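Here's the structure, in structure tokens; my notes come after.
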Amino acid sequence: MNPVVEECIRLLRRDHIKVVAFDMDQTAVAMLSRGRLRRNDLQFYISKASPAFSELIPALFDYGFGLAIATHSDEAEFSGDVKRETHILGSELAKALVDTTFSALIARSFFIVAYNPRWHFDGMEENKKIKRHHMEEIKSHFGVDAKEILFFDDTEIVVEDCNKTCGVRTIAVDPSEAFQLSDLLNGLIR
């Protein structure tokens with residue numbers, strides 16, 4: 001195993017993290033789908049998966065960490081010229097990413113929350129805003145405390161809110177680079 005990945009695992013275990021969750025666009029994947037990704041662009045999108053994401057996930061799986069994707073890409077966004085026949089988004093897009101990038105066993109272990117509060121009638125409720133709904137779903141699915149979740153996202157307001165409001169450990173990712181192992185190392189080293 002790559003010694004940097006080994007150190008990441010050591011730090012996660014030291015900090016009692018049980019679930020590692022990733023935003024999708026500009027975090028797990030170095031590209032924006034913008035809720036408008038055409039099906040014929042899917043392979044290009046998947047080819048932009050962060051190499052660090054692709055390398056870390058199998059090690060996390062081997063060590064028994066829960067794995068999650070928390071994305072604002074949402075099937076509720078299908079409307080107008082964004083049609084199911086021509087576009088891919090939400091959980092279908094996240095599933096395509098993990099199914100293509102990882103073994104079937106690892107891909108099946110992912111818990112995916114694809115929800116954009118702006119597209120739901122209850123999205124303005126306090127517990128649904130930003131990515132609060134996502135964090136609650138992840139917490140409930142894995143049966144863990146918020147402090148046992150580590151979440152990576154490229155949007156500062158999301159990172160701050162998930163940490164302060166939800167109590168989840170968060171690390172900001174540079175959107176121009178997507179997830180890097182150094183994000184994890186620098187975010188957990190005290």
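The values are calculated or read from the model by the stated rules, or taken from the named source; none is laboratory data. As the structure is a computational prediction, the values presented were derived from the model and not from experiment. For neighbour counting, all protein chains shown are included, and Cβ atoms are generated from backbone atoms with ideal geometry for every residue, glycine included.
Counting only residues that are in a loop (DSSP other than H, G, I, E, B) and out of contact with any strand residue (DSSP E or B) (no Cβ under 8 Å at 6 or more places or on another chain), which one in the range 1-29 is farthest from D62 (Cα to Cα)?
Q26
Take the residues of the range 73-101 that are over 18 Å from the mean Cα position of the chain (by Cα) and assigned to a helix (DSSP H, G or I): which is surrounded by the most Cβ atoms within 10 Å (Cβ to Cβ)?
E77
For D154, only one of the following conditions fails: (1) modelled with pLDDT of 95 or more; (2) more than 16 Å from V29 (Cα to Cα); (3) surrounded by 17 or more Cβ atoms within 10 Å (Cβ to Cβ). What is its number?
Of (1) modelled with pLDDT of 95 or more; (2) more than 16 Å from V29 (Cα to Cα); (3) surrounded by 17 or more Cβ atoms within 10 Å (Cβ to Cβ), only one is false for D154: (2).
Tally time: how many residues in the range 2-36 are out of contact with any Lys or Arg (no Cβ under 6 Å at 6 or more places or on another chain), within 23 Å of L97 (Cβ to Cβ) and touching a residue at least 12 places away in the same chain (Cβ under 8 Å)? Write out each step before concluding.
Narrowing the range 2-36 to residues out of contact with any Lys or Arg (no Cβ under 6 Å at 6 or more places or on another chain): 2-28, 32-36.
Okay, now just the ones that are also within 23 Å of L97 (Cβ to Cβ), so 2, 4-5, 8-9, 12, 17-28, 32-36.
Within this subset, residues satisfying the condition of being touching a residue at least 12 places away in the same chain (Cβ under 8 Å) are 2, 4-5, 8-9, 12, 17-28, 33, 35-36.
Residues flagged as out of contact with any Lys or Arg (no Cβ under 6 Å at 6 or more places or on another chain), within 23 Å of L97 (Cβ to Cβ) and touching a residue at least 12 places away in the same chain (Cβ under 8 Å) within the range 2-36 amount to 21.
When you scan the range 102-111, do you find a residue that is assigned to a strand (DSSP E or B), touching a helix residue (DSSP H, G or I) at 6+ places or on another chain (Cβ under 8 Å) and modelled with pLDDT of 95 or more, even just one?
yes
Regarding R34, is this residue more than 14 Å from the chain's Cα centre (by Cα), part of a loop (DSSP other than H, G, I, E, B) and either crowded, with 21+ Cβ neighbours inside 10 Å or not small (G, A, S) (or both)?
yes
Name every residue in the range 59-72 that is modelled with pLDDT of 95 or more and either touching a strand residue (DSSP E or B) at 6+ places or on another chain (Cβ under 9 Å) or assigned to a strand (DSSP E or B) (or both), in order of residue number.
Of the residues in the range 59-72, the ones modelled with pLDDT of 95 or more are 59-71.
Across the range 59-72, the qualifying residues are L60, F61, F65, G66, L67, A68, I69, A70, T71.
Step by step: first the residues of the range 169-190, then only those that are hydrophobic (A, V, I, L, M, F, W, C) and in contact (Cβ under 8 Å) with a residue 40 or more places away in the chain, then the one that is farthest from R14 (Cα to Cα). Which residue is that? Step through it out loud before you land on a result.
To start, the set of residues in the range 169-190 that are hydrophobic (A, V, I, L, M, F, W, C) comprises 171-173, 178-179, 181, 184-185, 188-189.
Of the ones still in play, those that are also in contact (Cβ under 8 Å) with a residue 40 or more places away in the chain are 173, 178-179, 181, 184-185, 188-189.
Values: V173: 21, A178: 25, F179: 21, L181: 17, L184: 13, L185: 12, L188: 9, I189: 10 Å.
The extreme case among them is A178.
Those residues that are acidic (D, E) and assigned to a loop (DSSP other than H, G, I, E, B), I need them from the range 155-187; list them, please.
The answer is D174, E177.
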